[in-house]
Amino acid sequence: MKGEAKLPLHQEQQKPDATKSSASSPSTSTSTGDKRRRRRNMSKLSPGLKALINAPFARPGPCKVVKGAAVVGDLFRGIAKEARGRGVGNRAWLAISAAATFTLNSPDALSILHGIAAAERGGSQTAQVRTAEFIREVGLKCISFNGIPRTINCLNAFHASLPRDITSKLTTEPSRTLKADNVEAVKARGRGLWDSIYAPFEDKLVDKLGTSHPDLPVVILNCHYGPLLSDPDGRRGVGRVMTSLVAVASLRAQTGVGPQVLSHVFGLRKAVDDGSFRDDLVVEDGGEEERESEEGVKWLAGDEGGEWMLKTVDRIVEGLGGSNFAAKL
């Protein structure tokens with residue numbers, strides 16, 4: 001209209017729409033407030049839910065050394081002495097003892113075990129570091145038999161129990177990272193370990209697992225046997241024989257999985273049959289205290305050694321208060 005003042009164009013475009021503003025503002029404010037309240041509510045648990053999570057009957061915490069450190073220490077010293085008397089080396093009895101202890105979820109006992117095993121190796125700082133590294137590798141491999149949570153909790157507590165002059169010398173570089181240029185080699189390495197353990201039924205077993213679920217053999221071979229249970233190239237690992245000892249000890253300690261215990265008892269024997277056990281006899285840069293004897297490994301793989309191994313795990317289970325993994329009958 002004539003004489004009516006007009007706003008400049010840029011001011012007209014910025015002029016607020018009163019209708020829109022009044023209609024949308026309360027809704028937006030309410031929506032934002034609701035989201036904040038929901039976030040606050042979801043970040044808190046009710047006392048009842050927290051109490052149920054931590055209920056004693058659910059055993060929410062780690063296994064405590066109820067019989068006392070001295071008793072558990074005597075248990076591990078006795079195992080070490082028996083192993084020596086049978087020509088079994090330090091790494092073998094330590095692999096069995098550590099795997100059973102990880103399975104029982106007892107970081108306190110791991111700390112005791114480390115002290116005794118390091119003393120058996122001479123007690124030097126180097127011995128303490130190498131013992132800690134070995135226990136950590138055993139714990140990592142226990143993931144394939146016990147699951148991730150127990151290994152996480154035990155390794156965290158074990159690391160915290162070690163003195164600074166030891167932890168400062170532990171390996172910090174990962175050795176199992178999958179890359180485009182090593183995936184096939186890792187898969188082949190895992191399949192090689194699988195074939196060594198389960199021959200002559202290695203292919204038949206893969207087919208049977210695939211019948212249960214098509215991805216079951218894929219996960220077992222490519223997520224466990226490849227990157228975890230077989231040792232990374234260029235790294236001093238647990239070894240073929242020790243991996244079988246870890247498997248037997250873990251499965252025996254958790255109870256309820258007799259068929260798998262049987263499979264890995266035979267898997268230990270296969271390491272002797274195919275000669276792969278010889279790679280475990282001498283440790284690179286390791287002293288005499290880390291050497292395994294051929295006679296000792298062959299004894300462990302035989303009937304008498306197999307019985308000693310299972311009874312040793314049973315003693316550890318009893319010494320730490322009984323199995324807390326599978327349901328009791």
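A short reminder: the numbers here are calculations on the coordinates, not readings from a lab. As the structure is a computational prediction, the values presented were derived from the model and not from experiment. When we count neighbours, we look across all protein chains shown, and the Cβ atoms used for this are built from the backbone with ideal geometry, even at glycine.
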Fully extended contour minus Cα-Cα distance, from D74 to T32, at 0.36 nm per residue: 8.9 nm
Length released on extending from R291 to S168, taking residue separation times 0.36 nm less the Cα-Cα span: 41.7 nm
Ranked list, fewest to most other Cβ atoms within 10 Å of each Cβ, for V71, V283, V313: V71, V283, V313
All-pairs Cα distance distribution in segment 118-199, expressed in whole percent, bin size 5 Å: 3, 12, 16, 19, 18, 15, 11, 6, 1
Charge tally in the Cβ shell below 14 Å around A69, where Lys, Arg are +1 and Asp, Glu are -1, A69 excluded: +1
The chain: DSSP helices with Cα axial extent of at least 15 Å and average Kyte-Doolittle hydropathy no lower than -0.5: 69-85, 90-103, 107-120, 125-141, 148-161, 183-198, 240-254, 258-273
Two-decimal ratio, segment 166-292, of alpha-carbon radius of gyration to 2.2 N^0.38 Å: 1.14
At 0.890 mPa s and 25 °C, Stokes D of the chain from Kirkwood alpha-carbon radius, µm² per second: 107 µm²/s
Histogram of C-alpha separations across segment 179-242, 10 Å bin width, %: 22, 51, 24, 3
Gyration tensor over alpha-carbon atoms, segment 50-151, equivalent ellipsoid semi-axes in Å: 27, 15, 12
Mean Cα-pair separation over length for the chain, i.e. relative contact order, pairs under 8 Å, 6 or more apart, %: 23 percent
The chain - mean residue ellipticity at 222 nm from DSSP helices (-39,500 (n - 2.57) per run, n ≥ 4, rounded to 500): -20000 deg cm²/dmol
Spin-label pair D207/E304, simplified geometry with 7 Å Cα→Cβ offset, distance in nm: 4.1 nm
Positive-end residue of F57, G267, I116, charge dipole of the chain with Cβ unit charges: F57
Sites E184 and A51, calculated FRET efficiency, Cβ-Cβ separation with R0 51 Å, nearest 0.05: 0.50
